[in-house]
Amino acid sequence: MRKLICLLLFIGIYTCGNSQCFEDRHNTSYTDAWISCQKKINPNPERPISHWVRYDFGHLYSLGQMHIWNCNVANQLNMAIKTCAIDYSEDGINWTEWGVIELSQPEASGFYEGDPGPDFDGLKARYLLLTVLENYGANCASLSEIRIETSGLATSTYDHEILGLELNVRPNPASDIATIIVSSDENFDARFELHDLKGREINSGNVNVFQGENTIPLSVAHLSNGNYIFSIFKDNRKSSIQITIINN
């Protein structure tokens with residue numbers, strides 16, 4: 001069953017009332033919008049100090065179509081976001097870039113229907129991060145609300161704690177063999193998994209991790225071009241790293 005996550009963007013995240021779930025209804029209230037007038041350290045360390053908004057859905061969801069209502073407040077329309085980057089995460093610490101979207105500038109209309117955002121096509125995430133790259137000229141940035149369709153809770157490992165391993169990939173991007181470099185302070189038996197960005201398991205197995213540097217070779221010649229997530233699990237903890245595959 002498909003559901004909707006509707007979010008009002010002020011202070012925190014709230015389930016929306018019925019009126020905000022209709023595509024032809026939209027608020028123009030200054031107090032019901034997310035507004036940032038001071039750039040801050042981004043939750044994704046790969047992003048610079050910026051205007052950003054982070055959503056915590058509370059659980060890992062399989063995300064679908066997104067719809068976005070930009071700043072629709074009279075006399076504040078230049079705060080509206082023009083382009084923003086979208087990142088996602090299962091744990092709020094390790095982030096993966098989804099891409100960049102462009103939004104139109106509203107006209108402070110009560111019938112403003114927003115912009116269709118990306119279709120995440122079942123991508124699994126608990127956290128979503130929108131980082132403002134450019135707005136329509138103001139010093140502040142603002143966004144009214146978003147709606148995301150979801151197929152429900154994802155059966156995955158969103159509740160795993162962080163396993164403190166140092167992971168590296170050589171080469172990255174890879175085209176034939178991707179070698180995972182695992183640096184550990186202890187010996188333990190582990191499980192590894194490789195998933196695509198839709199959360200589908202591509203490869204998995206068991207591995208012995210020893211103190212020091214370990215290497216795990218992965219054959220990726222058969223994989224489609226794109227980004228994948230490699231994870232190592234120990235008990236209820238995991239460490240992950242992104243692998244980019246480019247096959248000619």
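The values are calculated or read from the model by the stated rules, or taken from the named source; none is laboratory data. Just so we're clear, the structure is a prediction, and the values are computed from it rather than from any experiment. Glycine gets a Cβ as well: all are built from the backbone with ideal geometry, and neighbour counts include every protein chain shown. Surface areas here come from the heavy atoms of the whole protein model, side chains and all, with no ligands, DNA or RNA. Shrake-Rupley method; radii C 1.70, N 1.55, O 1.52, S 1.80 Å.
Is it the case that residue 123 is assigned to a strand (DSSP E or B) and at pLDDT below 90?
Considered against the rule, which asks whether it is assigned to a strand (DSSP E or B) and at pLDDT below 90, residue 123 comes out as yes.
Per this entry, residue 147 is counted among residues that are in contact with a strand residue (DSSP E or B) (Cβ under 9 Å, 6 or more places away or on another chain), more than 30 Å from residue 236 (Cα to Cα) and part of a strand (DSSP E or B). Here residue 52 clears all of (1) within 30 Å of residue 199 (Cβ to Cβ); (2) at pLDDT below 90 except the condition numbered (2). For the range 30-40, the criterion of a residue being closer than 30 Å to residue 200 by Cα and at pLDDT below 90 is satisfied by no position.
Only a single criterion out of (1) open to solvent by 50 Å² or more (accessible area, probe 1.4 Å); (2) modelled with pLDDT of 90 or more; (3) in a strand (DSSP E or B); (4) not acidic (Asp, Glu) is not satisfied by residue 139, namely (3). Here the condition is being at pLDDT below 90 and either among the small types (Gly, Ala, Ser) or surrounded by fewer than 18 Cβ atoms within 10 Å (Cβ to Cβ) (or both); of 107, 90, 145, it holds for 107 alone.
Just the residues that are modelled with pLDDT of 90 or more, surrounded by 11 or more Cβ atoms within 10 Å (Cβ to Cβ), β-branched (Val, Ile, Thr) and under 14 Å from residue 167 (Cα atoms), please, taken from the range 197-231. Residues satisfying the conditions are 209, 216. Might you check whether a residue that is open to solvent by 20 Å² or more (accessible area, probe 1.4 Å), among the polar types (S, T, N, Q), more than 27 Å from residue 92 (Cβ to Cβ) and not in a loop (DSSP other than H, G, I, E, B) occurs anywhere in the range 169-185? Yes, the range 169-185 contains a residue that is open to solvent by 20 Å² or more (accessible area, probe 1.4 Å), among the polar types (S, T, N, Q), more than 27 Å from residue 92 (Cβ to Cβ) and not in a loop (DSSP other than H, G, I, E, B). For the range 62-87, the tally of residues that are surrounded by 17 or more Cβ atoms within 10 Å (Cβ to Cβ) and outside any loop (DSSP other than H, G, I, E, B) stands at 17.
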